[in-house]
Amino acid sequence: MISGQSLASLLLAAIVRAGLYTLTATGLSLIFGVMNVPNFAHGELYMIGAYIAVFSFAGLNLPPLVAILLAAILGFILGAIIEKSFFYPLRQRSKRRKIWIMNTFLVTVGLSLLLKNLIQAIAGTKYRGIDSYWQGGLKVAGISISVDRLVGVAIAAVVVLAFWLFLQKTTIGKAIRATAQDETGAKVVGIDLNNIHTLTFALSAMLASIAGASLLSLNPAYPTMGLMPLFSSWFVVILVGLGNIASIPVGALIISLIETFAAYSVGSGWQRLFSLALIIIILLFKPRGLFGSDVKGVWER
Amino acid sequence: MIKERDETWRFLPEIYLIEEVYPLERDTLQFSGLIFLLVLTIALGGFFSETAVAQDKVTVGVIGPFTGPNARVGSEIWRSYKMAFNEIDNQIGDYKVELVKIDSESQPEKATRNYTQAVTRKGVDVTTFNWHSSVSVALMDMAAKYEIPHFFGGAATQVILDKYHEEPEKYQYYDSGKFWPTPRKLSIAYVTTLTEAVEVGDWDPETKNVAIYGENTDWGRSFGNSIAEQFEDAGWEVVSKDYFEMQKTKFYPLLQKWQDKKVSVIAGTSTVPASFAALVKQAREVGLKSLVIADGLGWMGEWYDLAGDASDYVLDQIPQWASQEAKQFRERFEKEWDIEPSSSSSGLAYDGANYLIKILRKTNQLYGEVNSENIQKVNHYLVRTGDLTFTEGILMKEYKYTPETVPDPKVAKDYYIYPVIQYHEGEGTVIWPQAWAEGEFEIPPYMEE
Amino acid sequence: MIDLLKVEDLVVGYYEDINILQGVNLEAEKQDITAVLGPNGVGKSTLLKSICGFLTPNSGSISFKGDSISGIEPHKAISKGLVYLPQELTLFHRMTVRENLQLGGWTIRGDKELIEKRIEENFERFPILREKAGQHSGNLSGGQQRMVDLGRALMSNPEMLLVDEPTAGLAPNLAGEMYDRLISLSDEGRTILLVDQNIRKAIEISDYIYALELGKNKTQGPREEFADVKEVIKDWL
């Protein structure tokens, strides 16, 4: 039997994990919803965030929050550059929508290889990590947690909340959602989709970059570090339904809880199996995902 | 950077397929094709330029994980081999030696493909090193097929030994195919260290519960299962075994389980520094009251940057930069490559390279012609039998194979042996064997709280 | 009278070699309702899509207020004073009616007061929308959604509306209401280019009529010339 204290500690671990998944999955889902791009280079944006943070924190001795902020800003800029140099020209040449998803999928896979190899060529194969951003930890009712993880989950919560407010309350945020809901409608009212797409990709890159930066002490920067967060994000996005952003925190928590408790009670080799099994079962009964009743990519309605 | 080559090719037929179905998308296809070609070009990075025709030349294929999760190890291996062969001007008698990379990408199927290409296109005469057991198991068949001897693999596990002994004739190209003994031959040292500490009264553990962990690979499982048996034989109880994916970095549920099971020792291994450091750090974060055996934590140069003081009191086994030559090598390596070498990959690879040089020279001297066939003769009739040993290494006193041990080297004092060390502020203190001990085994203070 | 919109020898197709429109000419006079009629598949909707930039002409020219707008990017049409209402509703279904209207004012988004004023005007035009302001547009009835669509189009105060099948799928009484709306918009001084299947009704409310046949002009003329609707329909069949 699990004691109350163990239970609390496992729940805490799941919540911290869910924070990371939410950050990365939100960007992934957004890009799919707005641009219909299945982004398999998302993990590399996460990786680049980690590299930016390690160089600014350990290399330039900047304060932790500044390092994370810098990762956010540079991640945003990099996202914008990637969109303008890869997806924008491709969109200008794509007359047929049917093949767009396949083509962009190929481009993102290529992009992923490119970024991995580029980083390996520049930064080498060394693991670049830090011991911790902040020293110390808290101990409440027998449960210990380091300041790094607390701050990590706080950053995730604040960023996700701020991002949600941005999408719900600001005119530009509404324009992004409008584009996801009806692309023709967005054009009709005069929204320049090129700008919206660039902004969306940049924001999504920024979220991934923040995730990579804020969890640096847990995951040191390394060229291939993006694979696991990519998988986890896809799990979450598929679980709640492609393009459904509002339900992502819930999906992230479900996956995290399953993984955490499966690792505890069955063995850590099994955790992926359990989350994947759940996804398969849900997709059998709800092919559009757990909450995906009417939300899908813009071209599929 | 040979890595992405084949994956990319695999996509091409699909592109053509699409074109047939949607003839109107030619532009778009050309464009994405273009991007792929760009990636391909970069990924190939001079691959073809390395191709050349063999003439009075020995081509040595260095196998290692040059890309992928273990690329760090791969780069150390490659650089050590480069250094050793540069020191002899890449010359064996009249033969020019060319080193080529065979990238295993940490995956057997990719290793097999890259191996085949290296043999068929570059005319590799002999292969060496490699890091993963799963790769070794796959490549043993390739070596038998192409009749190319393989020397000094860094892959450790029992499966290689078992496979070799199934058909020693067929797998003779792996006669000296292991440069890292089977885990049980080394892991016993930990159990002995702890048993001795308990016997002399230095340590009185609260329970005799052990938890086993490790990356889910042949290596991780082989080490974990060996040490589990050895602990059980020594009267401990193994309460859980967990093997996890290589790149895992979140261990909180696992740590909670160990806390609940009141384990006094956790023992295991990983080859991914990020993962290993995360485990050690998180154990301290949640306040796990166990002694940590982390076999291989120190294998990568930058391990301490990642793990920090959470590594205090952790036990590891690692060859030491003890000799003068070893220290000099470390300095040269750092100067030349600007990264800190680890003894278990750079040091071992350097010894492997020099042992191989000795073998190639012997081949030249005996036969006047250095080719796969003659190298294998030396391997089979001189190395395997223990006649051609290597005593000029920087890590071990003597590398020796005997018909009883092959494909493992002989493990014993004055031969191949790893001391058990305990970390304090990033430095390892040898605590076993007694003869080499620099300090006493210390019980971590957090266990006594 | 001034031609607000002028289309000359327009050739357009979805693919390079297959042209739906093969040299269409059209002029729309200011403040008129101009109808484009014809059987299914003659290219009526294609014409509207080309005018507002959703399709790029292969040849020919389109000008609005004397400026060429051939191949204009769709999102720029609205700032010229030209707004397109596609046959299939393009509302933002998971946003409220108010948010839909707000986004209709995207081009004037800097001026919050103006947007509020125009929303208020729309609420006066369509009182039901005031009641439903906080509801998701996807939850409204078909007729109400058409109102939101029209209201959203009016947010930018356009000079000209390109309306494609505004009554498709509406009950007869609602359709009648929609035609009344179009007439009153015309009375407000807006120019309307209307594509409609309901030939009788379209002729009734239009000032000038074009009939297309297989991508080309067939006939054209003021409403009076189409007075005998039965004759017209027979002619098409």
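At a glance:
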quantity: Qualifying helices (runs of 4 or more DSSP H) (wholly inside region B:287-402; at least 3 residues being closer than 29 Å to B:I148 by Cβ, among the hydroxyl-bearing types (S, T, Y) and open to solvent by less than 50 Å² (accessible area, probe 1.4 Å)); calculated: B:348-367
quantity: Residue match in region B:221-233 (condition: part of a helix (DSSP H, G or I), touching a residue at least 40 places away in the same chain (Cβ under 8 Å), within 14 Å of chain A (Cβ to nearest Cβ) and open to solvent by less than 10 Å² (accessible area, probe 1.4 Å)); calculated: yes
quantity: Count - residues of region B:246-264 that are more than 7 Å from chain A (Cβ to nearest Cβ), out of contact with any Ser or Thr (no Cβ under 7 Å at 6 or more places or on another chain) and either open to solvent by 10 Å² or more (accessible area, probe 1.4 Å) or in a loop (DSSP other than H, G, I, E, B) (or both); calculated: 2
quantity: Residues of region B:426-435 that turn out to be touching a residue at least 24 places away in the same chain (Cβ under 8 Å) and not in a loop (DSSP other than H, G, I, E, B), as a count; calculated: 4
quantity: Candidate set from region C:162-189 (those that are touching a Phe, Trp or Tyr at 6+ places or on another chain (Cβ under 8 Å) and assigned to a strand (DSSP E or B)); member that is surrounded by the fewest Cβ atoms within 10 Å (Cβ to Cβ); calculated: C:D164
quantity: All positions within region A:207-229 that are open to solvent by less than 10 Å² (accessible area, probe 1.4 Å), under 16 Å from B:K250 (Cβ atoms) and under 11 Å from the mean Cα position of the chain (by Cα); calculated: A:A211, A:G212, A:G226
quantity: Residues (under 20 Å from B:S222 (Cα atoms) and in a loop (DSSP other than H, G, I, E, B)) located in region B:139-175; calculated: B:F152, B:G154, B:A155, B:A156, B:T157
quantity: Per-region count, region C:138-178, residues among the hydrophobic types (A, V, I, L, M, F, W, C) and either within 14 Å of another protein chain (Cβ to nearest Cβ) or without any contact (Cβ under 8 Å) to a residue 12 or more places away in the chain (or both); calculated: 9
quantity: One residue from B:K101, B:K96, B:K82 being open to solvent by 40 Å² or more (accessible area, probe 1.4 Å), out of contact with any Ser or Thr (no Cβ under 9 Å at 6 or more places or on another chain) and within 14 Å of another protein chain (Cβ to nearest Cβ); calculated: B:K101
quantity: Residues of region C:39-49 satisfying the condition of being more than 14 Å from chain A (Cβ to nearest Cβ) and open to solvent by less than 50 Å² (accessible area, probe 1.4 Å); calculated: C:V42, C:G43, C:K44, C:T46, C:L47
quantity: 2 or more residues at negative phi and within 14 Å of chain C (Cβ to nearest Cβ): qualifying helices (runs of 4 or more DSSP H) within region A:163-241; calculated: A:171-181, A:183-188, A:193-214
quantity: Verdict on A:A156 being crowded, with 24+ Cβ neighbours inside 10 Å and in a helix (DSSP H, G or I); calculated: yes
quantity: Sole exception among (1) within 14 Å of another protein chain (Cβ to nearest Cβ); (2) farther than 23 Å from B:D408 by Cα; (3) crowded, with 18+ Cβ neighbours inside 10 Å for B:N209, by number; calculated: (1)
quantity: Those residues of region C:82-105 which are open to solvent by 40 Å² or more (accessible area, probe 1.4 Å) and either assigned to a loop (DSSP other than H, G, I, E, B) or more than 8 Å from chain A (Cβ to nearest Cβ) (or both), in sequence order; calculated: C:Q87, C:E88, C:L89, C:H93, C:R94, C:R98
quantity: Scope region B:412-425; condition in a strand (DSSP E or B) and buried (at least 19 other Cβ atoms within 10 Å of the Cβ); matching residues; calculated: B:Y416, B:V420, B:I421, B:Q422, B:Y423
quantity: Which numbered condition B:E237 misses (of (1) open to solvent by 30 Å² or more (accessible area, probe 1.4 Å); (2) more than 12 Å from chain A (Cβ to nearest Cβ); (3) modelled with pLDDT under 95); calculated: (3)
quantity: Matching residues, region B:161-180, being of a type outside the set (F, W, Y) and either modelled with pLDDT under 90 or open to solvent by 10 Å² or more (accessible area, probe 1.4 Å) (or both); calculated: B:L161, B:D162, B:K163, B:H165, B:E166, B:E167, B:P168, B:E169, B:K170, B:Q172, B:G177
quantity: Criterion: within 11 Å of chain B (Cβ to nearest Cβ) and open to solvent by 60 Å² or more (accessible area, probe 1.4 Å) - qualifying residue of A:K126, A:K139, A:K116; calculated: A:K139
quantity: Meets criteria (in a helix (DSSP H, G or I), in contact (Cβ under 8 Å) with a residue 40 or more places away in the chain and open to solvent by 10 Å² or more (accessible area, probe 1.4 Å)) for B:T192; calculated: yes
quantity: Any hit, region B:196-207, residues being more than 22 Å from B:T385 (Cβ to Cβ), in contact with a Lys or Arg (Cβ under 9 Å, 6 or more places away or on another chain) and either in contact (Cβ under 8 Å) with a residue 12 or more places away in the chain or of a type in the set (G, A, S) (or both); calculated: yes
quantity: The one condition in (1) over 19 Å from the mean Cα position of the chain (by Cα); (2) in a helix (DSSP H, G or I); (3) within 13 Å of another protein chain (Cβ to nearest Cβ) that A:W134 fails to fulfil; calculated: (2)
quantity: C:S45 vs. criteria within 13 Å of the chain's Cα centre (by Cα) and in contact (Cβ under 8 Å) with a residue 12 or more places away in the chain; calculated: yes
quantity: Residue match in region C:65-81 (condition: closer than 15 Å to C:K216 by Cα, free of Cβ contacts under 8 Å to residues at least 60 places away in the same chain and either assigned to a loop (DSSP other than H, G, I, E, B) or open to solvent by 30 Å² or more (accessible area, probe 1.4 Å) (or both)); calculated: no
quantity: Residue in region B:164-181 that is closer than 30 Å to A:V266 by Cβ, of a type in the set (D, E, K, R) and within 21 Å of the chain's Cα centre (by Cα) present; calculated: no
quantity: Search result, residues across region A:84-111 that are part of a helix (DSSP H, G or I), more than 29 Å from A:A213 (Cβ to Cβ) and open to solvent by 10 Å² or more (accessible area, probe 1.4 Å); calculated: A:P89, A:R91, A:Q92, A:R93, A:I101, A:M102
quantity: Any hit, region C:190-201, residues being assigned to a helix (DSSP H, G or I), surrounded by fewer than 16 Cβ atoms within 10 Å (Cβ to Cβ) and not hydrophobic (A, V, I, L, M, F, W, C); calculated: yes
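Rundown of residues vs (1) within 14 Å of chain B (Cβ to nearest Cβ); (2) under 17 Å from C:M160 (Cβ atoms); (3) of a type in the set (D, E, K, R), yes/no style:
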{"residue": "C:N19", "(1), (2), (3)": "no, no, no"}
{"residue": "C:K30", "(1), (2), (3)": "no, yes, yes"}
{"residue": "C:A35", "(1), (2), (3)": "no, yes, no"}
{"residue": "C:G53", "(1), (2), (3)": "no, yes, no"}
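The values are calculated or read from the model by the stated rules, or taken from the named source; none is laboratory data. Here the structure is a predicted model, which is why all the values come from computation and not from measurement. For neighbour counting, all protein chains shown are included, and Cβ atoms are generated from backbone atoms with ideal geometry for every residue, glycine included. Just so you know, the surface numbers come from the protein's heavy atoms only, side chains and all, with ligands and any DNA or RNA stripped out. Shrake-Rupley method; radii C 1.70, N 1.55, O 1.52, S 1.80 Å.
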